[in-house]
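The values are calculated or read from the model by the stated rules, or taken from the named source; none is laboratory data. Here the structure is a predicted model, which is why all the values come from computation and not from measurement. Using ideal geometry, Cβ is built from the backbone for each residue, glycine included, and neighbour counts are taken over all protein chains shown.
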């Protein structure tokens, strides 16, 4: 069977819009063929506002989400395979759904061979309130 992830993401997208909320997606920027602005990637992830008022020419057909958006005043084309989406949710209340991200087998083999450096701990950890 084909993946149900694209169907679920499109359904949550429509449901969030039907309730006059703003759909956001969390994307694994390291997933193969993801094309997003690199300067906005944080810890291998990027969160994107995909509301129709914020993007241009959004397409959610086939296996990808394609649209254009402004970053730093410049229009950029984005390409996000559905399998790279880790979550879709409403900005206003966080309601939505999260998904597992499963890399293709050949990518998993490469990732296992690459040793990822562990970040150095610096100073005392702090907590902050996020609204």
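Surrounded by 12 or more Cβ atoms within 10 Å (Cβ to Cβ), within 18 Å of residue 14 (Cβ to Cβ) and modelled with pLDDT of 95 or more, is that true of residue 86?
Values: surrounded by 12 or more Cβ atoms within 10 Å (Cβ to Cβ): yes; within 18 Å of residue 14 (Cβ to Cβ): no; modelled with pLDDT of 95 or more: yes.
When the stated conditions are applied, residue 86 does not pass them.
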Restricted to the range 68-80 and to residues being touching a residue at least 24 places away in the same chain (Cβ under 8 Å) and within 24 Å of residue 8 (Cβ to Cβ), the residue surrounded by the most Cβ atoms within 10 Å (Cβ to Cβ) is 80
When residues of the range 2-28 are limited to those that are in contact (Cβ under 8 Å) with a residue 24 or more places away in the chain and in a loop (DSSP other than H, G, I, E, B), the one farthest from residue 42 (Cα to Cα): 19
Could you identify the single residue in 50, 65 that is at pLDDT 95 or above, under 12 Å from residue 24 (Cβ atoms), touching a helix residue (DSSP H, G or I) at 6+ places or on another chain (Cβ under 9 Å) and surrounded by 13 or more Cβ atoms within 10 Å (Cβ to Cβ)? 50
